[in-house]
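As structure tokens, the structure follows; a few thoughts come after it.
The values are calculated or read from the model by the stated rules, or taken from the named source; none is laboratory data. Quick caveat, the model's predicted, so the values are computed rather than measured. Cβ placement follows ideal geometry from the backbone for every residue including glycine, while neighbour counts extend to all protein chains displayed. Calculation scope for accessible area: heavy atoms of the full protein, side chains included, ligands and nucleic acids excluded. Shrake-Rupley method; radii C 1.70, N 1.55, O 1.52, S 1.80 Å.
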Amino acid sequence: MTTMKEHLKDHLKECLRNYFIIVTGINLAVFVLGMIFRPDQKLGYDAFLYPIIYGAITSIPNLLMVEKKEPTIKQTIFREFIGVILISAILLTTMFAGMKITGELVVISCGIVISVVCITILVNVISWILDSKKAESLTNDLLAFQNRING
């Protein structure tokens, strides 16, 4: 049985892993949305900081959702749905606070929300693949240990 300290350590490792996946996804989303909505716009070096900052901002809800027991699939889907809403609201507020609402801004906002959904799916798929490989490795190690003991 794992202690709460080990559980928190594992949660922080998972959040850090997800952070880097999120930042990569944000870079891809910025590229795609930029090429669609503003292909002629040139960015300065400060633009490299935005994915890092947005990745940190969008990681906050996941950091706060520490669970003592494994959630059901229904709970996980609900949690991800709430997470997408929170992250979208945080990002849109951070990016567009005080701006006049225009048709272009609404379309860009929809693109950002779609990007958040895609990045959330990407993070979950990559996490599932990595977790599956880890589980397979642990199972193989356990079988090898049992064979050594029994054999």
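Among the listed pairs Lys13/Lys133; Lys9/Lys74; Lys74/Lys134; Lys9/Lys69; Lys13/Lys74, give every one whose C-alpha distance is greater than 20 Å.
Exceeds cut-off: Lys9/Lys74; Lys74/Lys134; Lys13/Lys74.
Give, rounded to the nearest 20 debye, the magnitude of the charge dipole that the chain has about its Cα centre when Lys and Arg contribute +1 at Cβ and Asp and Glu contribute -1 at Cβ.
The calculated dipole for the chain is roughly 180 debye.
List, largest first, the extents of the alpha carbons of the chain along their principal axes, each in whole Å.
71, 28, 25
Along segment 8-23, what does the Karplus equation 6.51 cos²θ - 1.76 cosθ + 1.60 (θ = phi - 60°) give for ³J(HN,Hα), rounded to whole Hz, x for Gly and Pro?
Going residue by residue, I get 5, 4, 5, 5, 5, 4, 5, 5, 5, 4, 5, 4, 5, 5, 4, 4 Hz, with x marking Gly and Pro.
Once the Cβ-Cβ distance between Glu136 and Lys74 is put in as r, and R0 is 35 Å, what FRET efficiency do you end up with, to the nearest 0.05?
Efficiency at R0 = 35 Å is approximately 0.85.
Measure nothing but the geometry: give the 0 to 90° angle between the long axis through the Cα atoms of 49-64 and the longest principal axis through the Cα atoms of the chain, rounded to 10°.
50 degrees
Leaving out ligands, DNA and RNA, and with a 1.4 Å probe, what % of the accessible surface on segment 9-131 is carbon or sulfur?
Carbon-and-sulfur percentage of accessible area, whole number: 73.
If you line up the long axis of helix 73-96 against the longest principal axis of the chain, both from Cα atoms, how many degrees apart are they, to the nearest 10?
30 degrees
For a label point 7 angstrom out from the Cα of Met4 toward its Cβ, which stretches of segment 63-79 have the backbone nitrogen within less than 14 Å?
Residues 66-69 fall inside that zone.
Mind jotting down the three principal axis lengths of segment 67-151 based on Cα atoms? Whole angstrom, largest first.
Largest to smallest, the principal-axis extents are 73, 22, 18 Å.
Which whole-number percent is the relative contact order of the chain (Cα, under 8 Å, 6+ apart)?
Value for the chain: 33 percent.
Distance between the C-alpha centers of segment 19-44 and segment 115-133? Whole Å please.
19 Å
Quick check: pseudo-label points 7 Å beyond the Cα along Cα→Cβ at Ile57 and Gln146, how many nm apart are they?
Computed distance between label sites Ile57 and Gln146 equals 4.9 nm.
Figure the gain on full extension for Leu122 and Leu12 (residue separation times 0.36 nm, minus the Cα-Cα span) and round it to one decimal in nm.
So the extension gain works out to 37.7 nm.
Give me the 1.4 Å probe accessible area per residue for the chain, excluding ligands and nucleic acids, in Å².
On a per-residue basis, 76 Å².
Taking a ≥ b ≥ c as the square roots of the Cα gyration tensor eigenvalues, with a/c under 1.5 meaning rounded and otherwise prolate when a/b beats b/c, else oblate, which class fits segment 7-47?
It is prolate, given that a/c is not under 1.5 and a/b is the larger ratio.
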